[in-house]
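Asks: Okay, here's the structure, questions in a sec.
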Amino acid sequence: MELIKPGLGLLFWMTVTFSIVLWLLSKFAWKPILKSIREREDSINSALNAADDARKQMDALKSDNEKLLAEARKERDRMLKEAAELKDSIIAQAKKSADEEARRMISNANDAIEKAKIAAMNQLKSEVAELTVTLAEKILRKKMEDRSQQEAFVNENLKTITLN
């Protein structure tokens with residue numbers, strides 16, 4: 001039973017020893033322990049604040065990225081629209097140029113045809129006149145024996161004939 005009921009001397013020395021240990025701990029160990037606990041608490045709080053700031057910055061960056069992406073899409077759409085308009089204008093210009101070139105070629109061909117027609121008519125008139133003169137010469141040779149009479153007769157007749 002002695003273990004269950006300690007003696008008065010044991011209680012005294014236990015109280016004195018506990019008081020000395022408590023005083024030593026409070027004098028030398030308690031302040032550094034509390035200081036390290038406060039430092040740990042402060043570092044945890046600063047880490048939490050830094051994490052919160054980082055999260056806010058990430059949200060801001062995400063928002064900025066979304067804005068930039070939206071602007072990039074708008075710019076892409078604008079560029080595609082401009083490219084389509086440029087393509088359409090180039091095609092329209094090419095069609096217009098081709099139409100003008102075709103009209104010019106047709107006009108040139110018509111002019112060439114007209115000139116060839118006039119040249120052919122002139123050549124035909126010359127050949128008809130030559131054949132006429134040859135035929136007239138053959139006819140008149142029988143009637144007119146003198147060459148100078150024949151030429152005068154032909155020239156006189158040519159003056160009266162009008163060519164179209």
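Derivation of every value follows stated rules applied to the coordinates shown; laboratory data play no part. Predicted, not measured: the structure shown is a model, and the values here were computed from it.
Asks: With a 10 Å cut-off between alpha carbons and a GNM built on the chain, which of Ser19, Ser63, Ser126 moves the most?
Replies: Ser19
Asks: Cut-off 10 angstrom, C-alpha nodes, Gaussian network model of the chain. Which of Ala70, Ala94, Ala120 fluctuates the most?
Replies: Highest fluctuation of the listed residues: Ala120.
Asks: Turning to a different aspect of this structure: Ratio of Rg to Rh for the chain, alpha carbon only, Kirkwood? Before the final figure, lay out the partial values.
Replies: Details: Rg = 62.6 Å, Rh = 30.2 Å.
On the Cα set of the chain, Rg over Rh gives 2.07.
Asks: If you project the alpha carbons of the range 53-125 onto their three principal axes, what span does each projection cover, largest first, in Å?
Replies: Principal extents (Cα only, largest first): 105, 10, 6 Å.
Asks: Check cross-link reach from Lys62 to the lysines: straight Cα distance under 27 Å, and skip same-chain residues fewer than eight apart.
Replies: Straight-distance partners of Lys62: Lys74.
Asks: When the chain is modelled as a GNM with alpha-carbon springs shorter than 10 Å, which of Arg73, Arg55, Arg38 fluctuates the most?
Replies: Arg38
Asks: What do you get for the angle between helix 147-160 and the principal long axis of the chain? Use alpha-carbon atoms, 0 to 90 degrees, nearest ten.
Replies: Result, in degrees: 50.
Asks: With everything on Cα atoms, drop me the angle between helix 8-24 and the longest principal axis of the chain, reported from 0 to 90° to the nearest 10.
Replies: Its long axis makes an angle of about 30 degrees.
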